[in-house]
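Notes for the one structure printed next.
The values are calculated or read from the model by the stated rules, or taken from the named source; none is laboratory data. Everything numeric here is computed off the predicted structure, so don't read it as measured data. In this analysis, Cβ positions are derived from the backbone assuming ideal geometry, glycine residues included, and neighbour counts consider all displayed protein chains.
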Amino acid sequence: MSFSLADVARVSHDLWPLSGAEDWDAPGLVSGDPSSRVDSILLVVDVVAETVAEAVDTGADLILAHHPLLLRGVTSVAEDRYKGALLARLIRANCGLLAAHTNADVVVDGVSDVFAQRLGLVDVRPITAGTAPGIGLGRVGRLSEPTTLGALARRLAEFVPPTATGIRASGGYSDVVETVALCGGAGDSLLREPAVQAADVYITSDLRHHPVSESREQTLAAGVGPALIDVSHWASEWLWLDVAAAQLRRALPGIRIEVSDLRTDPWDFVVTQ
């Protein structure tokens, strides 16, 4: 069976409807001829030089990326700019570019949902509910049995891809946790949500000094509030790619669909003191 880039885009938008994207987001088709044939798709979190090279070198007809390459305002795609150079290489190789970002975060079997599944959470629901059951930002649920914050961090290390920054935790190593809130990718905007505040621990990425400090101080003062675990942004979202690939294989039989194993987390090493 043969599929065009337009066909693939329609399937993508059925799986991850554009209506679910945040107002500031820019998912969808970025480049490529909608009428061109697609026989091979490479799934990545980030469109960077290495993943573009992988797509071109393996003969992929399309990159499906989680992070949009052109998220902010762009006034030039000249090839002396890195985004212009990446787009030019893809265009010359007849490799399209399609992004599924926050529209893939909020759905069932989306980024946060997959993260919750990998942790084995039960009674899972969104942190912020959307317009349909099970749709919304983040997830909150219960572990099948209570554990400690330290043991939970170690469990995460068993399935989250390793990165230089590892897994960081704010809270007592032996503190008991059962209710878990999480958000794949950057999620400090959800720190004050009631579902997060009622959880024993909140897992997300890109947590900054002041939001973490203020959250922990408020928790200590009030006696309620979540411990915090910070994992790599790339690693937390990479978990979704295998599920997305399986969905695409079912919808697009005959197309070769691969997941990039390249680590695109930007940090290379840490020095401990």
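Of all the listed residues (Ala181, Ala132), the sole one being in a loop (DSSP other than H, G, I, E, B) and either among the acidic types (Asp, Glu) or at negative phi (or both) is Ala132. Of everything listed in (1) in the same structural domain as Arg37 (by TED's automatic domain parsing); (2) within 18 Å of Ser205 (Cβ to Cβ); (3) not in a loop (DSSP other than H, G, I, E, B), the single unmet condition for Ala153 is (1). Asp61 meets all of the listed conditions (1) among the acidic types (Asp, Glu); (2) crowded, with 22+ Cβ neighbours inside 10 Å; (3) farther than 20 Å from Arg256 by Cβ but one, namely (3).
Set side by side, the residues Ala221, Ala164 differ, and just one is modelled with pLDDT under 95, surrounded by fewer than 21 Cβ atoms within 10 Å (Cβ to Cβ) and over 24 Å from Gly136 (Cβ atoms), which is Ala221. One residue alone among Ala78, Ala49, Ala55 is of a type in the set (Gly, Ala, Ser), crowded, with 18+ Cβ neighbours inside 10 Å and out of contact with any Phe, Trp or Tyr (no Cβ under 6 Å at 6 or more places or on another chain), and that residue is Ala55. Tell me whether the stretch 101-110 contains one or more residues that are at pLDDT below 95 and not aromatic (Phe, Trp, Tyr). Checked the stretch 101-110: no residue is at pLDDT below 95 and not aromatic (Phe, Trp, Tyr).
Look at Ala85 and say whether it is out of contact with any Cys (no Cβ under 6 Å at 6 or more places or on another chain) and either more than 30 Å from Val38 (Cα to Cα) or among the acidic types (Asp, Glu) (or both).
Working: out of contact with any Cys (no Cβ under 6 Å at 6 or more places or on another chain): yes; either more than 30 Å from Val38 (Cα to Cα) or among the acidic types (Asp, Glu) (or both): no.
It is false that Ala85 is out of contact with any Cys (no Cβ under 6 Å at 6 or more places or on another chain) and either more than 30 Å from Val38 (Cα to Cα) or among the acidic types (Asp, Glu) (or both).
Taking first residues from the stretch 146-159 that are closer than 18 Å to Gly225 by Cα and partners that are of a type in the set (Asp, Glu), the Cβ contacts under 9 Å between residues at least 6 apart in sequence or on separate chains come to Pro146/Glu178; Pro146/Asp200; Thr147/Glu178; Thr148/Asp175; Leu149/Asp175; Leu149/Asp200; Gly150/Asp175.
Residues satisfying the criterion are present in the stretch 249-267 (criterion: in contact with a Ser or Thr (Cβ under 7 Å, 6 or more places away or on another chain) and of a type in the set (Gly, Ala, Ser)). In the stretch 254-273, the residue that is modelled with the lowest pLDDT out of those that are over 15 Å from the mean Cα position of the chain (by Cα) and either of a type in the set (Ser, Thr, Tyr) or part of a strand (DSSP E or B) (or both) is Thr272. Here Asp105 passes the criteria (1) touching a residue at least 60 places away in the same chain (Cβ under 8 Å); (2) touching a strand residue (DSSP E or B) at 6+ places or on another chain (Cβ under 6 Å) except the one numbered (2).
Restricting Leu119, Leu87, Leu98 to those that are in contact (Cβ under 8 Å) with a residue 60 or more places away in the chain, touching a strand residue (DSSP E or B) at 6+ places or on another chain (Cβ under 8 Å), outside the structural domain of Ser205 (by TED's automatic domain parsing) and of a type outside the set (Asp, Glu) reduces the list to Leu98.
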